[in-house]
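The values are calculated or read from the model by the stated rules, or taken from the named source; none is laboratory data. Just so you know, these numbers come straight off a predicted model, no measurement behind them. As a convention, Cβ positions derive from the backbone with ideal geometry for all residues, glycine included, and neighbour counts pool all protein chains shown.
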Amino acid sequence: MANSTLTDVAAHASAGKSLPARLMVGITRRLVIIVPYVWLLFFFLVPFIIVFKISLSVTAIAMPPYAPVLSLKDGISALLSDLGQLSFDNYVWLTQDALYINSYITSVVVAAISTVLTLLVGYPIAYGMARAPASLRPTLLMMVILPFWTSFLIRVYAWIGILKPEGLLNQFLLATGIIDSPLIITNTYTAVFIGIVYSYLPFMVLPLYAALEKMDHSLIEAAQDLGCPPITAFWKVTFPLSLPGVVAGCLLVFIPAVGEFVIPDLLGGSQTLMIGRTLWNEFFANRDWPVASAVAVILLLILIVPIVIFQNAQARAQEAGR
Amino acid sequence: MKSLGSIRKDFAPWNDSNAKPYIQFEQVTKKFGDFTAVNNLSLTIFEREFFALLGASGCGKSTLLRMLAGFEEPTSGRILLDGQNLAGIPPYRRPVNMMFQSYALFPHMTVEKNIAFGLKQEGMPAPEIEKRVAEMLKLVKLEAFAKRKPHQLSGGQRQRVALARSVAKRPKVLLLDEPLGALDKKLREETQFELMDLQQQLGLTFVVVTHDQEEAMTMADRIAIMDKGEVMQVATPAEVYEAPASRFVASFVGNVNIFEGKVIERTAQGAQLAGANGVQILVENAGDAVAGAEVAFAIRPEKIRVSSKRPADAANAMEGLVYDIAYLGDMTVYHVKLDNGQIVRASAMNATRTTDDPLTWDDRAWISFRPDAGVVLTR
């Protein structure tokens, strides 16, 4: 006891401040930490709980279009009996209709292929930017970010104008005699891939550029000095060291691409079966909010896996990059 | 076992006209745009030599090293290694290895993997790689750190890993770019001697770039002093210090007092010089300075005696005022302001423990030196 009192006194003395002042410091410090948690609570956790609750309800021809609507209006016992009505039937339903499973699988596959394509296109761009003269780099960086100044929707619409059978691409290819009849690109998965690669390219290029730009060029020279031709030096040194950027870029593309709605809807047409479109149909065409909510909850669970991988990779990169 | 010193003692291939040069720079020029980094430079380095390129930053010494490694190609001129022209041979095919100033250790690999990197590239069988890596780890005393990543090591340990990695392939020539630049003074001094021992043990040719003259003097068999892309002098440390070829070399290496003057009389070997305000200097060896020539007389501080009275036997003596005294423990440095205004630096070894120095600030004092204590510089 005497010991703890002593340390308390010592702590007090070392702080060199009065007790209220120290309390204030403690409170401000906590406030700073609390803010992001409050943000997450209100803008992520609460909406998620609402969606999750709806996913356990059943459809009703009412406003809102599901039942039961939880409320304290009729007292605690009514609320409890309402809670008792909630069930996981919608989730069971999702497993019974092949539409949903297929949508999920297609979405994940399309997103994965698009991510790989984006990586293949983005890596050389980022590499070129990182190796460009330092005076040129801000301009190149600006050019990567520039498309964001135009509405996403308009840019995707513009691709219809380019890819459609009588569009710019086909006109050009026909005029130059490379093809005899127009290519059918719109309303296929090819169009979806093009759309996703185009739209998400900056999200791939920026983290890759950040990883490549800070790399010490003498490492490449060291690898060459020790007997690596440039290509081997790239695979043994440059690429492994850019992996945190590769992982970050891939997740920044993959995660939104899985739930992408606009691109498959505008460029993929009715042919493409992606979870974003299925979700939209459930909400707005079928007005089945509970099933739509269940679809959304499962989608979130699918995406949490890569997010956790991302977090781990980042933590490891921070440890290694010290 | 034969001591390493005995090998080193008789090592002087540069004085042997039959010795075959190992590395030859022949009229090498390197330009970066308008800037000439290396200007029409010729240089010869012998096998097993510890050769130092010494100069201030931007003098072209690193460019020279990078051309030898293959990271830069000369704009004109040739570089030969063991008789073979290196032009067009990429760095990964040259039998030289480099230790980088930043060490350039691969951060994603352990110490072991870093050292094995070049050997794997060579296609050496795995058991042999393992043996060689173990040997290298032992050589740099890092056996316990094999599994660590570079960021888990201290600066000195990283330096050793870089060294082990660069000698693991047994290159013909090891290039060292400011190898000790990132270490603190004490560690640097220890490592200098370790590098020398290592060079003798492995029997390699070392070319080291440094801006630290003490480092170059300690380690190198010969030093090339560079300025503005040109070699000012190539000589052993002792020659560079005792017989500098020019004013630049004399003042770049160590401390020196320079008296500007004119040759008023030449004798068979020596000369009588006249400096500003009636300074007269008698020298025993005036080299090729002709009578009437504008020359400089350079003399090192430790070769000047400071006394309160004019020494009776002194050939050269000048009177002045004790301007500054710095007591450094092993020696004392005096700054004497001569009557012509020039400040002369003189140092005296403190051979005894007497602390009652008869000379103090503002005392009248005489500086004196022998006719053979300094050199006459025509350049």
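Of note, A:F283 does not satisfy the criterion of being under 30 Å from A:P124 (Cβ atoms), away from every other protein chain (no Cβ under 14 Å) and hydrophobic (A, V, I, L, M, F, W, C). A count restricted to the stretch B:321-379 and to residues that are closer than 13 Å to B:K303 by Cα and exposed (fewer than 11 other Cβ atoms within 10 Å of the Cβ) stands at 1. Scanning the stretch B:117-135 for residues that are farther than 11 Å from A:C228 by Cα and touching a Lys or Arg at 6+ places or on another chain (Cβ under 8 Å) gives B:M124, B:I129.
Restricted to helices (runs of 4 or more DSSP H) entirely inside the stretch A:157-243, those with at least 1 residues that are within 14 Å of another protein chain (Cβ to nearest Cβ) and modelled with pLDDT of 90 or more are A:189-213, A:217-225, A:230-233. Candidates are the residues of the stretch B:113-136 that are under 19 Å from B:H151 (Cβ atoms) and crowded, with 21+ Cβ neighbours inside 10 Å; the one that is nearest to the other protein chains (Cβ to nearest Cβ) is B:F117.
Scan the stretch B:285-307 for residues that are exposed (fewer than 15 other Cβ atoms within 10 Å of the Cβ) and either of a type outside the set (G, A, S) or part of a strand (DSSP E or B) (or both) and jot them down. Of everything in the stretch B:285-307, those that are exposed (fewer than 15 other Cβ atoms within 10 Å of the Cβ) and either of a type outside the set (G, A, S) or part of a strand (DSSP E or B) (or both) turn out to be B:N285, B:D288, B:V290, B:E294.
Conditions (1) out of contact with any helix residue (DSSP H, G or I) (no Cβ under 6 Å at 6 or more places or on another chain); (2) surrounded by 12 or more Cβ atoms within 10 Å (Cβ to Cβ), marked per residue:
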position	(1), (2)
A:A67	yes, yes
A:G84	yes, no
A:P133	yes, no
A:P138	yes, no
A:P147	yes, yes
A:S151	yes, no
A:V156	no, yes
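Before we move on, is B:M98 touching a residue at least 60 places away in the same chain (Cβ under 8 Å), buried (at least 16 other Cβ atoms within 10 Å of the Cβ), within 14 Å of another protein chain (Cβ to nearest Cβ) and more than 17 Å from B:I223 (Cβ to Cβ)? Against the criterion (touching a residue at least 60 places away in the same chain (Cβ under 8 Å), buried (at least 16 other Cβ atoms within 10 Å of the Cβ), within 14 Å of another protein chain (Cβ to nearest Cβ) and more than 17 Å from B:I223 (Cβ to Cβ)), B:M98 qualifies. Please specify each residue of the stretch B:137-184 satisfying the condition of being of a type in the set (G, A, S), more than 12 Å from chain A (Cβ to nearest Cβ) and in a loop (DSSP other than H, G, I, E, B). Selection gives B:A146, B:S154, B:G181, B:A182.
Considering A:I309, A:I255, which residue is crowded, with 17+ Cβ neighbours inside 10 Å and either part of a helix (DSSP H, G or I) or within 14 Å of chain B (Cβ to nearest Cβ) (or both)? Among A:I309, A:I255, only A:I255 is crowded, with 17+ Cβ neighbours inside 10 Å and either part of a helix (DSSP H, G or I) or within 14 Å of chain B (Cβ to nearest Cβ) (or both). Cβ-Cβ contacts under 8 Å between residues 6 or more apart (or on different chains), taken from a first residue in the stretch B:359-372 that is assigned to a loop (DSSP other than H, G, I, E, B) to a second residue that is of a type in the set (F, W, Y), are listed as B:L359/B:Y334; B:W361/B:Y323. Looking at B:Q121, is it in contact with a Gly (Cβ under 6 Å, 6 or more places away or on another chain), under 29 Å from B:I45 (Cα atoms) and among the polar types (S, T, N, Q)? Criteria met by B:Q121. Residues that are closer than 17 Å to A:V109 by Cβ and in contact with a helix residue (DSSP H, G or I) (Cβ under 9 Å, 6 or more places away or on another chain) within the stretch A:296-314 comprise A:I298, A:L299, A:I302, A:L303, A:P306, listed in sequence order. Looking only at the stretch B:63-88, residues that are within 12 Å of chain A (Cβ to nearest Cβ) and on the phi < 0 side of the Ramachandran plot come to 6 in all. If the condition is being among the polar types (S, T, N, Q) and not in a loop (DSSP other than H, G, I, E, B), then the stretch B:12-33 contributes B:N15, B:Q24, B:Q27, B:T29.
Condition first: crowded, with 21+ Cβ neighbours inside 10 Å and in contact with a strand residue (DSSP E or B) (Cβ under 6 Å, 6 or more places away or on another chain). Can you find one or more residues in the stretch B:178-195 that meet it? Yes - at least one qualifying residue is present in the stretch B:178-195.
Here A:R316, A:R277 are screened, and the one residue that is within 14 Å of chain B (Cβ to nearest Cβ) and among the basic types (K, R) is A:R316.
Residues in the stretch A:61-82 that are closer than 20 Å to A:D288 by Cα and more than 33 Å from the chain's Cα centre (by Cα) were compared, and the one that is modelled with the lowest pLDDT is A:A62. For the stretch B:176-184, the condition holds for at least one residue, the condition being that it is touching a helix residue (DSSP H, G or I) at 6+ places or on another chain (Cβ under 7 Å) and small (G, A, S).
Listed conditions (1) buried (at least 20 other Cβ atoms within 10 Å of the Cβ); (2) more than 26 Å from B:R158 (Cα to Cα); (3) of a type in the set (S, T, Y) are all met by B:T36, apart from (1). Condition first: farther than 25 Å from A:T59 by Cα, in a helix (DSSP H, G or I), touching a residue at least 40 places away in the same chain (Cβ under 8 Å) and within 12 Å of the chain's Cα centre (by Cα). Can you find one or more residues in the stretch A:267-277 that meet it? Within the stretch A:267-277, not a single residue is farther than 25 Å from A:T59 by Cα, in a helix (DSSP H, G or I), touching a residue at least 40 places away in the same chain (Cβ under 8 Å) and within 12 Å of the chain's Cα centre (by Cα). Across the stretch B:50-62, not a single residue is classified as without any contact (Cβ under 8 Å) to a residue 24 or more places away in the chain and within 14 Å of chain A (Cβ to nearest Cβ). On inspection, B:A317 does not qualify as assigned to a loop (DSSP other than H, G, I, E, B) and farther than 22 Å from B:V240 by Cβ.
Of note, B:A162 does not satisfy the criterion of being surrounded by fewer than 23 Cβ atoms within 10 Å (Cβ to Cβ), of a type in the set (A, V, I, L, M) and either at pLDDT 85 or above or not assigned by TED's automatic domain parsing to the domain that holds B:S62 (or both).
Suppose the filter is surrounded by fewer than 16 Cβ atoms within 10 Å (Cβ to Cβ), under 18 Å from A:L266 (Cβ atoms) and in contact with a Leu (Cβ under 9 Å, 6 or more places away or on another chain); does A:P182 pass it? So A:P182 fails the test. Out of curiosity, is B:G261 over 20 Å from B:P301 (Cα atoms) and either buried (at least 17 other Cβ atoms within 10 Å of the Cβ) or not charged (D, E, K, R) (or both)? No.
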